[in-house]
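Trainee: If you scroll down you'll find the structure; I have some questions about it.
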There are 2 protein chains.
Amino acid sequence: MEFFEVVDGQRAHRELRADPVPDELIERVLEAAVHAPSAENRQPWVFVVVRDEQIRLRIAELTAKIWQGGARDFSKPNTTQRLFDEVDRWATGGLAGAPVHIVVCGDTTRCPEMMLPSSIYPATQNLLLAARALGLGSLMSTLSMVTGAPFKDLLGLPDHVVPMALVPIGYPARSLGPPRRTPVAEVTHHDRW
Amino acid sequence: MEFFEVVDGQRAHRELRADPVPDELIERVLEAAVHAPSAENRQPWVFVVVRDEQIRLRIAELTAKIWQGGARDFSKPNTTQRLFDEVDRWATGGLAGAPVHIVVCGDTTRCPEMMLPSSIYPATQNLLLAARALGLGSLMSTLSMVTGAPFKDLLGLPDHVVPMALVPIGYPARSLGPPRRTPVAEVTHHDRW
């Protein structure tokens, strides 16, 4: 696919089919992820690729708890009813349906924790874009990270590894139109504010 | 350009030509940036596009101060001599030579500060990739952000706006080969750590 077609059309796909995703496509999206830039080229990313159904169900359960325990009320006034309903379905169980969950983590032995976001989120974005280029749907969520210790325990993450994003991947249940965005001119200043 | 050719070949270009970059190319990279996903679609990004030479020189000066005041010594043991020398030339003045500096900021009235990185860095990555797709060179640096108040004052940023990345853009002085990366298999775990 042509680059701008991928980048301009990327959307959060919350409804994914249960059909399995071939290993080579998952390897390809991870390959794109590790091609992101990183502070001092430290490449502090680590990925946990979860296909096991029990673990996916447990991730969904932990996430639902956070959602219902406060995030839901925090989110409601900030989103349109349509987006809210879609996120609500996803966060209360729908996310387990994605056949693959990629947990993107940062390794604090390779990079100080405060420097992780500027390396980990570019890698995650490469991953989302690559998924779209391969006809897969995905989204990035940081909601599950709020679950803290139970989430780390579930994945057996050592202390020096910080989970930073959950990316469920699968074939999209339906195609989505182009995303709506505030025009560039409204968020751009020249030379000074 | 084909998507994977862009994503797999992206590199930090620290040596850029002084030739001006057409406005429409800068608009195109910003258009790609705003197509990134963001928490609750809040789109908390704001861009300051600096072409003014005096402001670029002042950004370079502030950055050199941070570099020489500690970041340089912190970086040295972690990088190869070649990369270190390249970064050193860049951070001690070279960066002013880029004809355009884009400062990517987060707006805390649109999104709580702790949620900014997972939206701002994906947008910045889209920007870097789009630059490459258009034949431009760029890089993301968070070094200048450490300068704090003087940097915000220079750009006239209000209190609610947090500068998060500096992206100098221009035509590359030389072409760079493919980046070196640790293989995916070495940073991937399946189901559990």
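Trainee: Of all the residues that make up region A:144-177, how many are at the interface with chain B (Cβ under 9 Å from one of its Cβ atoms) and within 19 Å of B:Pro122 (Cα to Cα)?
Mentor: Qualifying residue count for the region: 2.
Trainee: Residue under question is A:Val146, and the condition is that it be within 16 Å of the chain's Cα centre (by Cα) and surrounded by fewer than 17 Cβ atoms within 10 Å (Cβ to Cβ); does it hold?
Mentor: It is true that A:Val146 is within 16 Å of the chain's Cα centre (by Cα) and surrounded by fewer than 17 Cβ atoms within 10 Å (Cβ to Cβ).
Trainee: For B:Pro112, work out the one condition from (1) crowded, with 21+ Cβ neighbours inside 10 Å; (2) without any contact (Cβ under 8 Å) to a residue 40 or more places away in the chain it doesn't fulfil.
Mentor: Among (1) crowded, with 21+ Cβ neighbours inside 10 Å; (2) without any contact (Cβ under 8 Å) to a residue 40 or more places away in the chain, the lone unmet condition for B:Pro112 is (1).
Trainee: When region A:26-64 is examined, which residues are found to be more than 12 Å from every other protein chain (Cβ to nearest Cβ) and buried (at least 17 other Cβ atoms within 10 Å of the Cβ)?
Mentor: Answer for region A:26-64, where residues must be more than 12 Å from every other protein chain (Cβ to nearest Cβ) and buried (at least 17 other Cβ atoms within 10 Å of the Cβ): A:Ala60, A:Leu62, A:Thr63, A:Ala64.
Trainee: Could you run through region B:1-14 and say how many residues are over 14 Å from the mean Cα position of the chain (by Cα) and surrounded by fewer than 22 Cβ atoms within 10 Å (Cβ to Cβ)? Spell out how you get there, then give the answer.
Mentor: Step one: of region B:1-14, the residues over 14 Å from the mean Cα position of the chain (by Cα) are B:1-9.
Next, from what is left, pick out any that are surrounded by fewer than 22 Cβ atoms within 10 Å (Cβ to Cβ): B:1-2, B:4-5, B:8-9.
Going through region B:1-14 one residue at a time, the tally reaches 6.
Trainee: Is one or more of the residues making up region A:99-113 farther than 22 Å from A:Ala12 by Cα and basic (Lys, Arg)?
Mentor: yes
Trainee: Would you pick out the residues in region A:65-96 that are of a type in the set (S, T, N, Q), surrounded by fewer than 16 Cβ atoms within 10 Å (Cβ to Cβ) and within 12 Å of chain B (Cβ to nearest Cβ)?
Mentor: Selection gives A:Asn78, A:Thr80.
Trainee: Is it fair to say A:Val103 is among the hydrophobic types (A, V, I, L, M, F, W, C), outside any helix (DSSP H, G or I) and in contact with a Phe, Trp or Tyr (Cβ under 9 Å, 6 or more places away or on another chain)?
Mentor: yes
Trainee: Does region A:100-109 contain at least one residue that is out of contact with any Pro (no Cβ under 9 Å at 6 or more places or on another chain) and buried (at least 18 other Cβ atoms within 10 Å of the Cβ)?
Mentor: No, the conditions are met nowhere in region A:100-109.
Trainee: Being more than 20 Å from B:Pro44 (Cβ to Cβ), part of a helix (DSSP H, G or I) and in contact with a Ser or Thr (Cβ under 7 Å, 6 or more places away or on another chain): is that true of B:Ala131 here?
Mentor: yes
Quick note: the coordinates plus some simple rules give every number you see, no bench work behind them. Values in this document were obtained by computation on a predicted structure and should not be read as measured data. Every residue, glycine as well, gets a Cβ built from its backbone with ideal geometry; the counts of neighbours run over all protein chains shown.
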